[in-house]
Amino acid sequence: MNPAVPPVRGAAGAGEGGRRDGERFALASRRVVTPDGAAPGAVIVDGERIAAVVAPQDVPAGVPVEDLGDWVIFPGLIDAHVHINEPGRTEWEGFATATQAAAAGGVTTLVDMPLNSSPVTTTLAALQAKQAAATGQLSVDVGFYAGLVPGRFDQLEPLLDAGVCGVKAFLCDSGLEEFPAATEQELRAALPLLAERGVPLLAHAEIVPHGAATEPIRTAADWLAARPVQFERAAVALLDRLQQEFAVPVHVVHLAASELLPVFEAAKRQGRTLTVETCPHYLFFAAEEMADADPRFKCAPPIRTAADRDRLWEGVLGGVIDTIGSDHSPCPPAMKHLETADWQRAWGGVMGLELTLPVVWTAGEPRGLTLTRLAELVAQRPAELTGLAHRKGRLAPGCDADLCIWDPAAQWTVDAAQLHHRHRLSPYDGHALRGRVLRTYVRGNVALGGGQFSESPTGQTLTRSP
Ligand SMILES: [Zn+2]
């Protein structure tokens with residue numbers, strides 16, 4: 001039995017039941033998820049921080065306790081893969097809408113990719129423009145990546161000094177002229193600097209050979225055939241080699257080809273820092289189950305087969321896959337060319353920033369995914385990757401009070417019109433999911449509660465811990 005929706009503590013601009021600065025309060029539940037497991041407990045919040053995680057009966061007298069019953073108290077999600085297109089392409093997605101969607105999905109920190117804003121984040125000036133554009137608009141905390149592109153190598157050191165969470169490179173065409181692919185030569189120039197700083201390279205791992213087929217792409221099957229596994233294999237082989245040579249953290253983003261998992265497994269066995277992300281859409285959808293005429297599903301690498309999905313799940317459950325990020329990559333609906341089902345011209349990217357938790361839980365729980373493993377994948381490991389683990393990603397004393405309160409048993413159906421990112425389009429539209437986010441705290445403040453966003457967003461921009 002769930003309790004009735006309780007009054008919300010920590011509501012911004014709070015009247016009755018709200019938190020005043022410095023007030024301590026506790027949230028109790030039968031399932032508090034810490035790195036030690038899911039167990040009955042209480043999280044004591046003091047201002048912006050977690051003061052302690054204790055047994056329910058050990059909350060000190062005088063600290064008001066709200067009992068959340070069976071609702072899960074979970075670390076706020078760290079989505080280390082989000083494309084916010086502000087400034088310059090705010091009509092695709094902006095900080096206000098993206099971070100509200102994040103709060104709606106229990107995501108308390110997101111890390112913004114260096115494309116597809118304009119300018120792209122490949123110079124210090126562009127990073128500063130991003131940070132300025134974000135100010136005052138954030139419902140959750142936001143960190144930033146820098147981009148590595150040919151001819152901008154001189155900007156890398158200033159960007160690292162400014163506290164970017166990582167450096168992103170494409171090994172193939174990014175879809176944006178101003179963000180060209182990095183060649184092995186550029187990677188070799190950059191990696192010693194990243195190794196010295198301990199900052200990860202994040203790589204879009206596909207190498208598309210010159211003269212690759214350019215036949216019209218009209219269906220999901222055509223798109224799958226146009227981006228075969230060997231593109232991912234060639235890129236991962238190069239990254240694996242460079243990671244060994246430079247002893248640098250390398251994170252392969254959005255792996256779709258499950259046959260490459262042994263490469264990452266071997267690296268882990270050898271204690272090397274070659275890590276890997278996959279995305280909710282690769283764990284939920286399968287090519288043979290998709291409508292051919294629906295470019296909402298277009299992304300790169302493509303959503304592969306049900307057999308791939310099964311093996312990716314083995315990688316998730318077996319500890320080979322390190323992180324799950326949404327790769328929310330939005331665009332205006334017209335750019336998806338839905339009327340003509342033109343997969344060739346459609347912008348590549350899946351929209352679903354706020355759905356990571358229920359999508360992964362819906363597909364994963366029947367396969368044996370535990371709450372504790374899920375917290376590693378969507379909070380703890382992404383915080384470690386992005387240099388935020390000293391204050392984010394875990395329910396532990398001293399960490400920011402970033403909390404996601406959710407009901408893993410709640411069943412609901414996605415209505416894209418009710419989502420919060422800028423354009424209410426998503427391939428998850430109409431899908432039945434299990435697990436619903438009920439309340440999101442960002443540094444002790446309620447960013448979302450009772451179906452309402454805070455009227456005074458308190459998100460901040462973040463920098464990587466040196
Ligand atoms: Zn991406």
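The values are calculated or read from the model by the stated rules, or taken from the named source; none is laboratory data. What you see is a predicted model, and the numbers here were worked out from it, not measured in a lab. For neighbour counting, all protein chains shown are included, and Cβ atoms are generated from backbone atoms with ideal geometry for every residue, glycine included. Just the protein is used for accessible areas: all its heavy atoms, side chains included, with ligands, DNA and RNA removed. Shrake-Rupley method; radii C 1.70, N 1.55, O 1.52, S 1.80 Å.
The residues neighbouring residue 203, those whose beta-carbon lies less than 13 Å from its own, together hold a net charge of -4 under the Lys/Arg +1, Asp/Glu -1 convention. For the chain, the direction-averaged projected area of the alpha-carbon convex hull comes to 20.3 nm².
Of the residues 315, 395, 463, the one whose Cα sits farthest toward the positive end of the charge dipole of the chain, with +1 on the Cβ of Lys and Arg and -1 on the Cβ of Asp and Glu, is 395.
All Cα-Cα separations within region 330-443 were binned at 5 Å from zero, giving a P(r) of 2, 10, 16, 18, 17, 16, 11, 6, 2, 1, 0, each value a whole percent of the pairs. Between amide H atoms placed 1.01 Å from N, distances below 5 Å from residue 31 occur with 41, 73, all of them 5 or more places distant or on a separate chain.
Over the chain, what percent of the accessible surface lies on carbon and sulfur atoms, probe 1.4 Å? Before the final figure, lay out each step's value.
Values: 8560 of 16980 Å².
Here carbon and sulfur together make up 50 percent of the probe-accessible area.
Could you tell me which of the pairs 130/268; 168/392; 130/168; 336/392; 130/298 are separated by over 25 angstrom between their Cα atoms in the structure shown? Please list the in-between numbers first.
Working: 130/268 35 Å; 168/392 21 Å; 130/168 16 Å; 336/392 35 Å; 130/298 27 Å.
Too far apart for the 25 Å limit: 130/268; 336/392; 130/298.
So between residue 135 and residue 460, what do we pick up on full extension, going 0.36 nm a residue minus the alpha carbon distance? Could you put the intermediate results ahead of the total?
On the way: separation 325, 0.36 × 325 = 117.00 nm, distance 0.75 nm.
Stretched fully, the residue 135-residue 460 segment lengthens by 116.2 nm.
What value, in deg cm²/dmol to 500, does the helix sum -39500 (n - 2.57) over DSSP H runs of n ≥ 4 give at 222 nm once divided by the residues of the chain? Intermediate values should be presented prior to the final figure.
Numbers: 12 runs with 111 residues, N = 466.
Calculated from helices alone, the mean residue ellipticity at 222 nm is -7000 deg cm²/dmol.
Relative protection proxy for 124-132, 89-97, 441-449, from highest mean packing down: 441-449, 89-97, 124-132 (other beta-carbon atoms within 10 angstrom). Just so you know, the averaged projected area of the alpha carbon convex hull for region 165-288 sits at 8.6 nm². Computed with a 1.4 Å probe over protein heavy atoms only, the accessible surface of the chain comes to 36 Å² per residue. Over all pairs of different C-alpha atoms, region 126-208 has a mean inverse distance whose reciprocal, the Kirkwood radius, equals 13.6 Å.
What you get for region 76-385, charging only the Cβ of Lys and Arg (+1) and of Asp and Glu (-1), is a dipole of about 340 debye around the Cα centre. Estimated at 0.36 nm per residue, the fully extended path between residue 307 and residue 173 surpasses their Cα-Cα distance by 45.5 nm. For residue 344, the residues 5 or more places off, or on other chains, whose built amide H falls under 5 Å of its own are 217.
The Cβ shell under 15 Å around residue 84 holds other residues with a net charge of -4, Lys and Arg each +1, Asp and Glu each -1.
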